[in-house]
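The values are calculated or read from the model by the stated rules, or taken from the named source; none is laboratory data. Everything numeric here is computed off the predicted structure, so don't read it as measured data. Here the Cβ positions follow ideal geometry from the backbone for every residue, glycine too, while neighbour counts run over all protein chains shown. For accessibility, only protein heavy atoms count, side chains too; no ligands or nucleic acids. Shrake-Rupley method; radii C 1.70, N 1.55, O 1.52, S 1.80 Å.
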Amino acid sequence: MKITYVIQKSRRRSISVSVMTDNRVLVKAPYGTTERTVQEFLLSKKDWITKHLEKQNREEEKAESLGLLSADEIKQIKNQARKIIPHRVEFWANKIGVTYGRIAIRLQSSRWGSCSVDGNLNFNCLLVIMPPEIMDSVVVHELCHRRHMNHSKEFYAEIDRVFPDYKRCNKWLKDNGGVYLKRVSFVGTTV
Ligand SMILES: [Zn+2]
């Protein structure tokens, strides 16, 4: 498999690799890293890179067969999400026993949700076209950050307490989320 890669050098200590959504491979390396070191590193990660590129290709094919979402469809999805998600947040916040700040719902290219230190929540509107329990699992994840601002054991124990189906939902999102993102063309889209 042919691999196109981009090197980003900075004042970091180690070398890392990730696959970008456009199928290019991003190598982050310390200043002074030679081309040869980068290539050897890429070779050692070949299996991992291939696996990820294959997954992205499968997602692209599936997204293509389902079709790109039109601007109109995205508008409808956003409106629907802005109606539904705040209710789910209220429901789960009561159940978990936490407060929260503002809720923002947008179309995002890579994230499903986030929670700021002030408790402001951010959700990807695409969650609303997924099975309802998947949307709930993201809401619960972000709200549990109101108790633990990290991904510690305690954080996951808190999730498990209120939402025992979390692991399955999270796996579903990892396996299927990419297709949803790929049905949106982010070039020139107002988010
Ligand atoms: Zn998190």
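Results, tabulated for the structure shown:
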{"item": "The range 123-179-the range 71-98 distance, computed between alpha-carbon centres (Å)", "result": "14 Å"}
{"item": "Estimated [θ] at 222 nm from DSSP helical runs (n ≥ 4, -39500 (n - 2.57)) normalised by residues in the chain, nearest 500", "result": "-17000 deg cm²/dmol"}
{"item": "Folded to 0 to 90 degrees: helix 153-162 orientation relative to the chain principal axis, Cα", "result": "40 degrees"}
{"item": "Accessible area (Å², 1.4 Å probe, nearest 10) - residue 82", "result": "120 Å²"}
{"item": "Solvent-accessible area per residue for the range 71-182 (1.4 angstrom probe, square angstrom)", "result": "53 Å²"}
{"item": "Residue with peak Gaussian network fluctuation, the chain [Cα springs, cutoff 10 Å], from 74, 15, 159", "result": "15"}
{"item": "Protein-only accessible surface order, largest first, of 35, 73 at 1.4 Å", "result": "35, 73"}
{"item": "Semi-axes of the equivalent ellipsoid for the chain, Cα gyration tensor, largest first, Å", "result": "33, 22, 16"}
{"item": "P(r) tail fraction, the range 65-144 - alpha-carbon pairs more than 21 Å apart, %", "result": "24 percent"}
{"item": "Burial ranking of peptide ranges 23-32, 134-143 (average Cβ count within 10 Å, highest at the top)", "result": "134-143, 23-32"}
{"item": "Lysines whose Cα lies under 30 Å from that of residue 75, excluding same-chain neighbours fewer than 8 positions away", "result": "55, 62, 83, 171, 174, 182"}
{"item": "Share of Cα-Cα pairs in the range 5-66 lying beyond 14 Å, as whole percent", "result": "58 percent"}
{"item": "Solvent-accessible area, 1.4 Å probe, carbon plus sulfur percent, for the range 5-66", "result": "47 percent"}
{"item": "Residue of 50, 33, 99 that the Gaussian network model of the chain assigns the largest fluctuation, springs spanning Cα pairs under 10 Å", "result": "33"}
{"item": "Carbon/sulfur fraction of accessible area - the range 71-182, other protein chains in place, 1.4 Å, %", "result": "50 percent"}
{"item": "Angle between the chain longest axis and helix 166-182 axis [Cα atoms, degrees, rounded to 10]", "result": "60 degrees"}
{"item": "Lysines whose Cα lies under 18 Å from that of residue 9, excluding same-chain neighbours fewer than 8 positions away", "result": "28"}
{"item": "Percent RCO, i.e. relative contact order, over the range 1-84, from Cα pairs under 8 Å lying at least 6 residues apart", "result": "22 percent"}
{"item": "Degrees, to the nearest 10: 71-96 long Cα axis against longest axis of the chain", "result": "60 degrees"}
{"item": "Mean separation of Cα contacts under 8 Å (6+ apart) over length of the chain, as relative contact order %", "result": "18 percent"}
{"item": "Ranking by accessible area, most exposed first, for 5, 166 with a 1.4 Å probe", "result": "5, 166"}
{"item": "Listed residues 19, 128, 89, most fluctuating in the chain (Gaussian network, C-alpha, under 10 Å)", "result": "19"}
